[in-house]
Amino acid sequence: MKTTIDLPETLLRRAKRKALESNTTLKALVISGLKRELHAPNATGADPIEQLKSADPSIWRGIKADPYVRRLRKGWR
């Protein structure tokens, strides 16, 4: 399936260079990176929701929940 990804120019240049150095394609490099990321266990092995429950409340200092969630949901369908 085809898709379009908007990447920062410097990241794209680095990825193309890495693909050339590895004698592979940009497509193969992206697929490999996505597979690795999706299969990697999270660092602590804990459920991310549980991690948030136990996080220090100061990480949210200065962040208003409603605008934050609206920004995250922008573009959702």
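Values in this text are rule-based calculations from the coordinates and carry no lab data. In this text the structure is predicted, and so the values were computed from the model without any measurement. Don't worry about glycine lacking a Cβ; one is built from the backbone with ideal geometry, like all the others, and counts go over all protein chains shown.
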State, to one decimal in nm, how far the label point of R61 lies from the label point of M1, with both points 7 Å from Cα in the Cβ direction. 4.3
Per-residue HN-Hα couplings for the range 12-23 [Karplus 6.51, -1.76, 1.60; θ = phi - 60°; Hz; x = Gly/Pro]: 4, 4, 5, 5, 4, 4, 4, 4, 4, 5, 8, 6
Dimensions in Å of the chain - Rg and Dmax from alpha carbons: 17.9, 47
For K27 paired with R14, estimate the spin-label separation in nm (one decimal), with each label point 7 Å from Cα along the Cα-to-Cβ line. 2.5
